[in-house]
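Down below is the structure, laid out as structure tokens.
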Amino acid sequence: EDEEDPELQFDITTTFSLPGLEANKLLDAHVTVKNNGTSNQNVMAIVALYDDSDRMINVSLISKRIDSGKTEKLNAGFKLPSKIEGHKVNVFVWEGTNLSDSTLMPLSDIVTLQ
């Protein structure tokens with residue numbers, strides 16, 4: 001088998017529009033993905049907000065096709081609630097174009113903002 005390790009195929013950098021969670025503010029995650037592999041891939045960035053009981057209470061995602069050797073920027077986010085004590089945002093980068101067709105194959109570690 002000569003399958004490429006998907007995590008090694010991509011260089012992924014995530015930054016946020018805020019230094020931490022702030023009540024009622026708009027939070028954007030900026031995910032830069034470089035496809036180092038030999039094949040074109042659909043990837044999606046998933047931004048998920050969890051409450052203090054670790055329940056997902058909001059999610060936003062964006063998908064892009066990234067051709068071999070190219071770099072794309074994916075931005076996704078939402079307005080934060082008025083109560084954010086104990087909340088966190090996780091960003092996942094997975095293969096696929098949406099949650100129903102995804103292989104659920106992570107392409108990066110989870111990035112967390114609190």
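The values are calculated or read from the model by the stated rules, or taken from the named source; none is laboratory data. All values derive from a computational prediction rather than experimental measurement. Counting neighbours? That spans all protein chains shown, and the Cβs are built from the backbone with ideal geometry, glycine included. Accessible surface is based on the protein model in full, side chains and every heavy atom, while ligands, DNA and RNA are left aside. Shrake-Rupley method; radii C 1.70, N 1.55, O 1.52, S 1.80 Å.
What to note about this one:
- Count of the stretch 1-17 residues which are part of a loop (DSSP other than H, G, I, E, B) and either at pLDDT below 95 or surrounded by 15 or more Cβ atoms within 10 Å (Cβ to Cβ) (or both): 5
- Subset of the stretch 99-114 [more than 30 Å from Asn24 (Cβ to Cβ), aliphatic (A, V, I, L, M) and either touching a residue at least 12 places away in the same chain (Cβ under 8 Å) or touching a Ser or Thr at 6+ places or on another chain (Cβ under 9 Å) (or both)]: Met105, Leu107
Conditions (1) of a type outside the set (Val, Ile, Thr); (2) touching a residue at least 24 places away in the same chain (Cβ under 8 Å), marked per residue:
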residue: Gly20; (1), (2): yes, yes
residue: Ser39; (1), (2): yes, yes
residue: Ser60; (1), (2): yes, no
residue: Ser63; (1), (2): yes, yes
residue: Phe78; (1), (2): yes, yes
residue: Ser82; (1), (2): yes, yes
residue: Val91; (1), (2): no, yes
residue: Thr97; (1), (2): no, yes
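- Scanning the stretch 74-114 for residues that are open to solvent by 80 Å² or more (accessible area, probe 1.4 Å), of a type in the set (A, V, I, L, M) and farther than 22 Å from Asn36 by Cα returns a single hit, Leu99.
- Failed item in (1) surrounded by 18 or more Cβ atoms within 10 Å (Cβ to Cβ); (2) more than 16 Å from Thr112 (Cβ to Cβ); (3) out of contact with any Ser or Thr (no Cβ under 7 Å at 6 or more places or on another chain), with Leu21 passing the rest: (2)
- Of the criteria (1) at pLDDT 95 or above; (2) in a strand (DSSP E or B), which one Trp94 fails: (1)
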